[in-house]
Amino acid sequence: MPLSCHGAVNELRGDTDYVFALAGNPNVGKSSMFNAFTGTGVVTANYPGKTVEINVATTRLGDLKIGLVDLPGTYALGAVSEDQWVARQGLLDGKPDAVIVILDATNLSRNLYMLLQLLDMGFPTVAALNLSDQARKMGIDIDDSKLSRILGIPVIPTVATRGEGLDLLLAAAASVAQERCEHPEQRNRRQLQYGSDIEDVVTALAADVERLLGEETFGVSPEGLALLLLENDKQFVELVREASPAPGTAGVSGASGAPSVSPGAPPKGNGHRRRHRHRRGRPGGAELLEKVRSASEAIEAEHGEQTPLRIIRERHGLAGSIAAEVQRQTHEHELFSQRMWHFTTAPATGIPLLIGVLGFVFAFLFIVGEFLSEAFSSLWAATLSPLIQGAIHAVFGEGVVAKILIWGPDAGIEAALAVGIPYVLTFYFLLAFLEDSGYLNSVAFLTDRIMHKLGLHGRSVIPLVAGAGCNVPAIIGTRVLTTKRERTIASTLIVLVPCSARTAVILGAVAGFAGWQWAIGVFAIVAALIFVVGLGLNKVLPGESTGLVMEMFPFRMPSLKSIAIKTWFRFKDFIFVATPIVLGGSLLLGLLYETGWIWALAAPLSPIVEGWLGLPSVAGLTLIFAVLRKELALQLLVTMAVVQYGPDASNLLNIMNPGQLFVYALVSTIYVPCVATIAVLGKELGWKRSAAIVTFTTALAVLIGGIAHRVILAVG
Amino acid sequence: MSSEKVEEYLEAIYKLQSPDRPLGTSELGKELGVAPASATEMAKRLQDKGYVRRGKKSGITLTKSGERAALELIRKHRIAERFLVDVLGMDWQYAHEEACKFEHIMSPDVEKRMEALLDNATTCPHGHPIPDEQGRTAPEKVRPLSSLKRCQTGIIAKIAEERRDLLEYLATLGLMPQRKVQVEQVAPFDGPMLIRVDGANYALGREIADKIWVKGEK
């Protein structure tokens, strides 16, 4: 269940002895480690408006109950990207007793960068030297005790996937936490140093911080704050500026009602507030910022480089020299996983492979999904469905009320069974596999160019293709995209991709009665629409598409356990969100249908359905029901046509000509996605954007349908 | 007045002078860590020696002979850095400070022998060009990273990007001036590039690769 991060972390603190945070670069085995520690009972938390999540759970070490906060994998802890912001915020809010930094032993220098940032900020830190087995295979030998000496923190070699070293790691973290608890002043002791020019400035500024701000250093050490300010970190600069009482109110700021802020706390954070301790009459913040500015100018004059970049460079330099000092290349060995790169990214081999994989994903979803879907539906019809119907009839009799109620749990759950489990679960499994193996990145690499034209980048291909199986998981799959803009574009396009249910309508109504050429026509028009809509959205939506900057991870054999856990968590989310909406929607439609009120809608809709689209009014009514499940459109069309026109209408050609069937399939493909899709859109993008997409696609469907009708009439 | 001090001043003036704004003694003093008064004093002496010109509007500028002397010093500094890094295996972050001492004590003979030992390297470890004996530097040719082909390498010269967020994000990944990049793969149809920096592989969209300018490596 999603909780606000504040709430989830605070709750965690309540009944644990220690809270540890897990931090590290992406793909260093952090999730494997978290899973190894925790198993089930994980709570996922979101900051409002952010898509990157924090996982929280508890574990035990002897008698100690330990809370674990799994931060998103990031390369650094700046405020420049959403994942970094969330990771840092998790640390500042969670105030962990120790931070466990997971280092990838195969790429030590780059991984040390973030560790140095954590040490700079004064967090009590322990390092796990993970993937040490792979590093050894590659001929990299790392002296962990020397690394520990240099960094001044415990360094524990681990192999998270096999659980090696994890107990030692927790114990080390606990002792670090204990020591920090006994000697809180250690926060202010930085063992590692950058160039003397930077360090002199940092020392001087740290003294200024203590003098001007007192104890309020926003959750980081004074030296850490000095560095953050020199790095011109937006968030901390803002906090320090606010710490300065406005002229005239100096000295009363504590009581002036100015909101006291914890760094970046969401405006409605629940009671997690701290008081500033301003000294009377000191324009602390402003004076500090002034000092930072002049120090920063001096550094810039000296190095001809902006101070933030200079500090980043120093940190890279320090990370690089530490790595060089502790590691030794015993032999050169390129792992199979590294050689795989050349194969999957070279155009000659990569593109055929990509087409093969996408085809496989599509076919797997289509075939396995459909098989499961039918299996579940018939299982449902044979077992629980009669039970539920019996129960409802027993309580409510045979009247209209009972009939309506049956629509809810019976038809509703069947819809969830027919869409949710088969397609969503299958897709999540595939997605987790592609993600964990590292192949997703090759896909992104190869398709980036085409996707860029649509305002997306390479990572969106997989969700788009998956949309052909079922839109619901595809939309959740857009989480691999980083900005809201990209996710909005991708979700809109996915909604236009005919899912298997709509394909069934196209094949059943059009190919079955009018001929396959008409069916291909529908697919061609929809494909063209997707492209045009993508181009259009890219132009219309504010902001620009971000360029692709993505690390290419080495291939790894995904662990079944981690895939299973990933799949389950995502699936659980879907069930909780989609099922209630599907049930509610079913009840509403049941009410309309069983009371016969639905026929009352025929008249108001007729100008559009009959006048503009040239369809019989009964066809328009079925489109309303298809919101529940798209394949219902066809089934209901036949049923309702028989009710109105008699048994002959079961051959649809008796009531509609091929052109009308074509328009019908086109409209039913493009207009409003099904209720499960709407539910997921609402959850992923917010209800406003969801409503916009629904409105847009409906308008588009009516527009295109009307044009198609007229073109067909004109051509004859 | 020691020659080392003169050299420090000449080097500082060379670094600081720019056609856009006049160099004053206070800025010069700040760079060298001395009071403006001593910088003024020194500037006068350098003027007497014919190394610098001082104008009310133009500020302090080097004369031709002053520039030759400064470039000679920079040449020694950069050769020394290269030597410390390439031959002695010193980390280049620390080579700079050490080279500051070397540059004052190297005789022309030592300088030439070091240069020969280094295969006549043309840039310092940071990627700056080493002036030749006549004080000429080969103009640095920069080109966009996107123009490199598979397996080619380059040193990042600059990143033509205004957005601070992106610049810093790239920098934290190690994509910043003076770092070496190698192109591992180029996707078809002007697609992204796969590059290698410091042991990690990144895919960069073309629009980002266009903004990263690289110079050739020796």
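The values are calculated or read from the model by the stated rules, or taken from the named source; none is laboratory data. Quick caveat: nothing in here was measured; it's all calculated off a predicted structure. Using ideal geometry, Cβ is built from the backbone for each residue, glycine included, and neighbour counts are taken over all protein chains shown. Ligands, DNA and RNA are stripped out before the accessible areas are found, and what is left, the full protein with its side chains, is counted by its heavy atoms. Shrake-Rupley method; radii C 1.70, N 1.55, O 1.52, S 1.80 Å.
How many percent of the alpha carbon pairs in the stretch B:53-202 exceed a separation of 22 Å?
On the way: 6042 of 11175 pairs.
Summing the P(r) tail past 22 Å for the stretch B:53-202 gives 54 percent.
The calculated FRET efficiency for the pair A:L384 and A:W568, based on their C-beta separation and a Förster distance of 22 Å, comes to about 0.45. The alpha carbon convex hull volume per residue for the protein assembly as shown rounds to 218 Å³.
Between A:S221 and A:G122, the built amide H atoms are under 5 Å apart, and every one of these is 5 or more places off in sequence or on another chain. For the peptides A:107-115, B:152-160, the ranking by packing is A:107-115, B:152-160, with the highest mean count of neighbouring Cβ atoms within 10 Å listed first.
Near the amide H of A:T58, within less than 5 Å, lie the amide hydrogens of A:L68, all on another chain or at least 5 residues away, with H placed in the peptide plane. Convex hull volume of the Cα atoms of the stretch A:50-96, normalised per residue: 75 Å³.
The packing ranking of peptides A:193-202, A:686-695, A:596-605, A:308-317, highest mean first, is A:308-317, A:193-202, A:686-695, A:596-605, where packing means the average number of other beta carbon atoms within 10 angstrom of each residue. Size descriptor for the stretch A:480-571, Kirkwood hydrodynamic radius: 16.7 Å (Cα pairs only, one decimal).
With one equal scatterer per alpha carbon and no solvent term, the Debye-computed log10 I(q)/I(0) for the stretch A:582-715 at 0.12, 0.15, 0.21, 0.22 1/Å reads -0.48, -0.74, -1.33, -1.41.
How shielded is A:316-326 by partner chains, expressed as the average number of their Cβ atoms within 10 Å of its Cβ atoms? Per-residue shielding by partner chains comes out at 3.
In deg cm²/dmol, rounded to 500, what helix-only [θ] at 222 nm does the protein assembly as shown give when every DSSP H run of at least 4 residues adds -39500 (n - 2.57) and the total is split over its residues? Intermediate results must be reported in sequence, preceding the final value.
Values: 39 runs with 518 residues, N = 934.
Computed ellipticity for the protein assembly as shown at 222 nm equals -17500 deg cm²/dmol.
Quick check of the Kirkwood formula: for the stretch A:3-188, what is the inverse mean of 1/r over all pairs of different Cα atoms, in Å? Computed over the stretch A:3-188, the radius equals 16.3 Å. Inverting the mean 1/r over all pairs of different Cα atoms, compute the Kirkwood radius of the stretch B:3-62 and quote it in Å. Roughly 11.1 Å, rounded to one decimal. Counting only the Cα atoms, the stretch A:329-469 fills a convex hull of 161 Å³ per residue. Please name which of A:L541, A:G620, A:L318 has its Cα lying farthest along the dipole of chain A towards the positive end, using unit charges on Cβ (Lys, Arg +1; Asp, Glu -1) and the Cα centre as origin. Working it through, the farthest residue towards the positive pole turns out to be A:G620.
Among the protein heavy atoms, those of A:F571 account for about 10 Å² of accessible surface (1.4 Å probe, every chain in place).
Around the Cα centre of the stretch A:45-201, unit charges on the Cβ atoms of Lys, Arg, Asp and Glu (plus for the first two, minus for the last two) sum to a dipole of about 160 debye. Taking the average, over residues, of other Cβ atoms within 10 Å as the packing measure, peptides B:73-79, A:391-397, B:60-66, A:615-621 rank B:73-79, A:615-621, B:60-66, A:391-397 from highest down.
Sorting A:E370, B:E162 by accessible area puts them as B:E162, A:E370; the probe is 1.4 Å, largest comes first, and only protein heavy atoms count. Each residue of the stretch A:299-304 is assigned a 3J(HN,Hα), and the resulting list reads 5, 5, 5, 5, 9, x Hz, derived from the Karplus form 6.51 cos²θ - 1.76 cosθ + 1.60 (θ = phi - 60°), x at Gly and Pro.
Please state, as a whole number in µm²/s, the translational diffusion coefficient that the Stokes-Einstein equation yields for the stretch B:142-215 at 25 °C and 0.890 mPa s, with Rh defined as the Kirkwood radius across alpha carbon pairs. Display every interim value, and only then the final one.
Working: Rh = 11.9 Å.
Diffusion coefficient, whole number: 206 µm²/s.
Counting only Cα atoms, the size of the stretch A:403-494 along its three principal axes is 53, 27, 19 Å, in decreasing order.
Return the percentage of antiparallel bridges among DSSP beta bridges fully within the protein assembly as shown, rounded to the nearest 5 %. List each step's numbers first, then the result.
Details: 43 of 65 bridges.
So the antiparallel bridges in the protein assembly as shown amount to around 65 percent.
On the principal axes of its alpha carbon atoms, the stretch A:441-594 extends 54, 37, 33 Å, with the longest extent given first.
May I ask you to derive the FRET efficiency for A:E199 and B:E133 from their Cβ-Cβ distance with R0 = 30 Å, giving the value to the nearest 0.05? Write down the numbers at each step before the final one.
On the way: r = 37 Å, r/R0 = 1.25.
For R0 = 30 Å, the calculated efficiency reads 0.20.
Relative to the longest principal axis of the Cα atoms of chain A, the long axis of helix A:384-396 lies at roughly 70 degrees.
Other residues whose C-beta falls under 12 angstrom from the C-beta of B:V85 contribute a net charge of -2, scoring Lys and Arg +1 and Asp and Glu -1.
Heavy-atom accessible area per residue, chain A, 1.4 Å probe: how many Å²?
On the way: 28650 Å² over 716 residues.
Per residue, chain A has an accessible area of 40 Å².
When the Cα positions of B:V110, B:C100, B:S58 are compared along the charge dipole of chain B, B:S58 comes out farthest toward the positive end, with charges on each C-beta of Lys, Arg, Asp and Glu. Basic side chains Lys and Arg get +1 at the Cβ, acidic Asp and Glu get -1 at the Cβ, and with that the dipole of the protein assembly as shown about its Cα centre reaches some 1520 debye.
Checked against a 24 Å cut-off, the cross-linked pairs B:K15/B:K64; A:K539/B:K215; A:K146/B:K76; A:K291/B:K101; B:K76/B:K141 give Cα-Cα distances beyond that limit for A:K539/B:K215; A:K146/B:K76; A:K291/B:K101.
Averaged over peptide B:179-192, the number of partner chain Cβ atoms lying within 10 Å of each residue's Cβ comes to 5.
Within a 10 angstrom radius of each residue's Cβ in A:106-119, how many Cβ atoms of other chains show up on average? Whole number is fine.
Working: counts 2, 4, 1, 4, 7, 2, 0, 4, 1, 0, 0, 1, 0, 0.
What the average comes to for A:106-119 is 2.
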